[in-house]
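> Let me give you the structure first, and then I'll get to my questions.
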Amino acid sequence: MFAKYKTVWRVSAFALVALIGAFPASAQSAFSKERVQEHLQYLASDELRGRGSGDVGNQKAARYIAKEFASYGLKPLGTRRQNDTNAPIDGSGYFQPFAFNAGRTLGKQNRLSVERDGKTTKYRAQKDFQPSTLSSPGEAQGEVVFAGYGIHEPKANHDDYQGVEIKDRVVLLLSGTPGNAPNSPLAEFGDMRRKAFNAREAGAKAVIVVLPKESDPQDLTRFTHATSAHSGIPIARVRYAVAEEWLGAGVLDSAKAQADKGETASRALNVKISLQTDVPPQTKVTANVIGFIEGSDPVLKNEVVIVGAHLDHLGMGGAGSLSRSSKPMIHYGADDNASGTTGVLMLAAHFGGSGANRPVLKRSLILMCFSGEEMGLLGSAYYTRKPILPLERVTAMLNMDMIGRMKNDEMILGGTGTAKEWKEIFTPANEGLGIKISSSDNGFGASDHFSFFLQNKPVLFFFTGLHPDYHTPTDTVDKINFEGEAKVIQLVANCLERTANFPTSLTFQKPVQTAQSTGAGRGGRVYFGSIPNYSATVVGVLLDGVREGSPAEKGGLKQGDIIIKFGEKSVKNVEDYTVALQQYKPGDKVPVTVKRGNDTVVLMVTLAARKE
Ligand SMILES: [Zn+2]
């Protein structure tokens, strides 16, 4: 499950649930819990190292799935060449490879030099300075301005830019917030992305961050979790002692003491900096795994039901990790989503194969394991852009993500409002299984069904709930309820069979959404209601859609719009947009500039308060 959409999911799963009557439990699952356990033990093993997209462990998992598909006689829909994005999709294998942006690495050409009193001093990368993980690649020169903690938030009555010229300068700032008091009203402004955004928007050339005096030498050299979305400005971090050389002995101490009291300590320095940051983007290749079972009905076999689950997880951690430690550790992802992947394998065995008990399906079936899900639903989004069978032929998509932690026979079923016929299908499918289903009509969600919902496809999302191990190294196989999972898979199989044999194809509908905002009241978090695309490589924020009744919709934003400015601030990526949004209050009217086709359109949006 993709962490950035998690709040979206929370709303859909808990605010909108309606408990569907539970049936008396009698029938057990026909799926073997031992087999479920076997698959899970391999997929969530040390050997697969968390199945990070683009990593060897992920490739091994994909090959395991392909081998299983082959053993059940599934027809391959992809290519044999797992790592070749140019490979023809010729049905010779099960892979659909795609390239993705895998963040940035630390290059070798990082330089920092300073001109002071006619003397040039060169500093050593890794020892004296290091590019920030938020740094853009590039070069910058300029006079240095010391700007306290670099907090430029006039609306919060704190402006470290006061009295100094920022434009075309290099901003030198302290990391953190005055006094670093966690409960200070300024605490939220300590975020480096926000400081960098403000510096860039004020026209600064670069940012230099002074690390605390007492900081660990490793704090300087650490360069992990560099996502592809940089801040659009070169940023370097320097040791405290280095900045002391520039301000003069004792001067930095007293300036910091001043800033800690909330006073303005800003001043221009007689120092010129030259900075080069070498943080090149990294591209990796990963693959979806796709198998096909042809339907038995001469006409209906042209329609397809897709059942899927993502095979990737977080590997050794990274940006999606919620682990307290930033040390690389295997994130096993037993529940997320070795459990769903196991579901796909069990269903492949059930509907494929040549056994006499094999259920006959009138419509065709695509079984698919997605990669890149944890990085923003990349695999499913890629498939909907480059479908191997035309999307028009897809009648529904069923998704399993985190189905391994069933407790008290309870689970959540999402998307039940996305087809008129869903209730008619899943209610009898649960007969005899006795699963207590909390259903949510919403097709939005933090997993791959969302990509298909955005293409106006009916979706169902099978899910046994969040837990404290979510996205941490402790999501391990010993915590899986194998019997419960076998039961969920039986429910999926029943729904699948009923969907594939339903007399008509399903009727997509947009579920009626409960309002997400109160629309009134000031203070608190701001609600806009856009659905950003996390896999696009455009400059700006591409919208996959807008929520019904949201400020974004009322303001006239549409699917396909690319937000390039929010108020007066430019927006280069989703992170920029988040920072820009934080600077407003509910009730504020904001001009939002979007690219729509070849046009640039400015729309006025009145922000609302987010319902907590
Ligand atoms: Zn996840």
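> Which residues' amide hydrogens lie under 5 Å from the amide hydrogen of LYS565, considering only partners 5 or more residues apart or on another chain, with H built in the peptide plane?
Correct list: VAL571, THR593.
> With +1 on the Cβ of every Lys and Arg and -1 on the Cβ of every Asp and Glu, and nothing else charged, how large is the dipole of region 231-346 about its Cα centre, in debye rounded to the nearest 20? Spell out each step's value before the answer.
Values: 10 positive and 12 negative charges, 122 e Å.
Using Cβ point charges on Lys, Arg, Asp and Glu, region 231-346 gives about 580 debye.
> I'd like to check one number: the per residue accessible area of region 111-277, probe 1.4 Å, reported in Å² as a whole number. Don't skip to the end; give the middle numbers.
On the way: 7410 Å² over 167 residues.
With all protein chains present, region 111-277 gives 44 Å² per residue.
> Say each of ASN270 and VAL360 gets a label point 7 Å from the Cα, pointing the same way as Cα to Cβ; how far apart are those two points in nm?
About 9.3 nm, to one decimal.
> Return the long-range amide H neighbours of GLY465 (sequence gap of 5 or more, or a different chain), with a cut-off of under 5 Å between placed amide H atoms.
Amide H neighbours of GLY465: ILE412.
> How much of the DSSP beta bridge set in the chain is antiparallel, as a percent to the nearest 5?
Details: 69 of 104 bridges.
Close to 65 percent.
> Which order do the peptides 275-287, 252-264, 140-152, 31-43 come out in when sorted by mean C-beta neighbours inside 10 angstrom, highest first? Each step should come with its number before you reach the end.
Numbers: 275-287: 20.5, 252-264: 16.3, 140-152: 23.9, 31-43: 18.7.
Ranked from most to least packed, the peptides come out as 140-152, 275-287, 31-43, 252-264.
> Where the convex hull is taken over the Cα atoms of the chain, what is its projected area averaged over directions, in nm²? Let's see the in-between values first.
On the way: hull surface 112.9 nm².
Its Cα hull, projected and averaged over all orientations, spans 28.2 nm².
> Continuing with the same structure: In nm, to one decimal, how far is the modelled label at ALA249 from the one at SER323, with both set 7 Å along Cα→Cβ?
A separation of 4.4 nm, rounded to one decimal place.
> A follow-up question, please. Once both axes come from the Cα atoms, what is the angle between helix 482-500 and the longest principal axis of the chain, in degrees from 0 to 90, rounded to 10?
With rounding to tens, the tilt is 70 degrees.
> For GLN130, which sequence-distant residues (separation of 5 or more, or a different chain) have an amide H within less than 5 Å of its own amide H, given hydrogens modelled in the peptide plane?
Here ARG237 satisfy the definition.
> I would also like to ask the following. Which of rounded, prolate, oblate describes region 88-167, given a ≥ b ≥ c as roots of the alpha-carbon gyration tensor eigenvalues and a/c under 1.5 marking rounded, otherwise prolate only if a/b is larger than b/c?
Values: a/c = 4.08, a/b = 1.82, b/c = 2.24.
Taking the square roots of the gyration eigenvalues as a ≥ b ≥ c, region 88-167 is oblate.
> Could you give each residue of region 559-575 its phi-based ³J(HN,Hα) in whole Hz, using Karplus coefficients 6.51, -1.76, 1.60 with θ = phi - 60°, and x for Gly or Pro?
Running phi through 6.51 cos²θ - 1.76 cosθ + 1.60 with θ = phi - 60° gives 3, x, 5, 10, 6, 10, 9, 10, x, 8, 8, 7, 10, 9, 7, 4, 5 Hz.
> Between region 145-176 and region 565-591, how many Å separate their Cα centres?
19
> Further question on the same structure: Work out how much length GLU392 to THR120 would gain on full extension: take 0.36 nm times their residue separation and subtract the Cα-Cα distance, in nm to one decimal.
91.4 nm
> Residues with beta-carbon under 10 Å from that of SER364, excluding SER364: net charge, scoring Lys, Arg +1 and Asp, Glu -1? All intermediate terms of the calculation are to be shown ahead of the outcome.
Working: positive: LYS75, LYS301, LYS362, ARG363, ARG393; negative: GLU294, ASP297, GLU303.
That sum, taken over residues with Cβ under 10 Å, equals +2.
> Still on this structure, I have one more. How large is ³J(HN,Hα), in whole Hz, for each residue of region 445-460 in order, when computed from phi with the Karplus curve 6.51 cos²θ - 1.76 cosθ + 1.60 and θ = phi - 60°, using x for Gly and Pro?
Residue by residue, region 445-460 yields x, 8, 8, 5, 4, 4, 4, 7, 4, 5, 9, 6, 9, x, 9, 10 Hz.
> Would you please classify the overall shape of region 111-277 from the alpha carbon gyration tensor, given that a ≥ b ≥ c denote the square roots of the eigenvalues, rounded means a/c under 1.5, and beyond that prolate means a/b larger than b/c while oblate covers the rest?
rounded
> A further question follows. Keeping every protein chain in place, order LYS457, LYS127, LYS205, LYS67 by accessible area at 1.4 Å, biggest value first, i.e. largest first.
Greatest to least solvent exposure: LYS67, LYS127, LYS205, LYS457.
> Let me ask another. Can you give the local net charge around LYS554? Use residues other than it whose beta-carbon is closer than 13 angstrom to its beta-carbon, Lys and Arg +1, Asp and Glu -1.
Numbers: positive: ARG547, LYS558, LYS589; negative: GLU548, GLU553.
Here the charged neighbours net out to +1.
> As an exercise, identify the trypsin sites (Lys or Arg not before Pro) in region 538-590 lying in DSSP coil whose Cβ has no more than 16 other Cβ atoms within 10 Å.
Values: sites: ARG547, LYS554, LYS558, LYS565, LYS569, LYS572, LYS589; in loops: ARG547, LYS558, LYS572.
Sparse-neighbourhood loop trypsin sites (Lys or Arg not before Pro): LYS558.
> Please report, as a whole percent, how much of the solvent-accessible surface of the chain comes from carbon and sulfur atoms (probe radius 1.4 Å). Write out the running numbers ahead of the final one.
Working: 12200 of 24940 Å².
With neighbouring chains kept in place, the figure for the chain is 49 percent.
> Suppose accessible area is computed on protein heavy atoms with a 1.4 Å probe; arrange ARG498, ARG80, ARG169 from highest to lowest.
Values: ARG498 105, ARG80 165, ARG169 75 Å².
Ranked list, largest accessible area first: ARG80, ARG498, ARG169.
> A follow-up question, please. Spelling out what I want: for every residue of region 45-51, take phi, set θ = phi - 60°, compute 6.51 cos²θ - 1.76 cosθ + 1.60 (Karplus), and round to whole Hz; glycine and proline get x.
These are the phi-based 3J(HN,Hα) values: 8, 4, 4, 8, 6, x, 6 Hz.
> Sticking with the crude label model, points 7 Å out along Cα→Cβ, report the distance from LYS510 to ARG525 in nm, one decimal please.
Here the answer is 2.4 nm between the modelled labels.
> Report the local net charge at LYS407: Lys and Arg +1, Asp and Glu -1, summed over other residues whose C-beta lies under 13 Å from its C-beta.
Numbers: positive: ARG405, LYS436, LYS479, LYS487; negative: ASP335, ASP409, GLU410, GLU483, GLU485.
After counting each charged neighbour, the total is -1.
> What does the charge dipole of region 28-71 about its Cα centre add up to, to the nearest 20 debye, if the Cβ of each Lys and Arg holds +1 and the Cβ of each Asp and Glu holds -1?
Details: 7 positive and 6 negative charges, 21 e Å.
For region 28-71, the charge dipole is close to 100 debye.
> Before rounding to the nearest 500, sum -39500 (n - 2.57) across all DSSP H runs of length at least 4 in the chain and divide by the residue total; then give [θ] at 222 nm in deg cm²/dmol.
Values: 14 runs with 131 residues, N = 612.
Only helices count here, giving -6000 deg cm²/dmol.
> How would you order 341-352, 188-199 from highest to lowest mean count of nearby Cβ atoms within 10 Å? Could you put the intermediate results ahead of the total?
Values: 341-352: 25.2, 188-199: 21.9.
Per-residue Cβ counts within 10 Å, averaged per peptide and sorted highest first, yield 341-352, 188-199.
> Highest mean first, what order results for 157-165, 467-475, 440-448 on Cβ atoms within 10 Å?
The densest-packed peptide leads the list: 440-448, 467-475, 157-165.
The values are calculated or read from the model by the stated rules, or taken from the named source; none is laboratory data. Note that the structure is a prediction, hence the values are computed from the model and not measured. Here Cβ is always computed from backbone atoms with ideal geometry, including for glycine, and neighbour counts include all displayed protein chains. Keep in mind that these areas ignore ligands, DNA and RNA; they rest on the heavy atoms of the full protein, side chains included. Shrake-Rupley method; radii C 1.70, N 1.55, O 1.52, S 1.80 Å.
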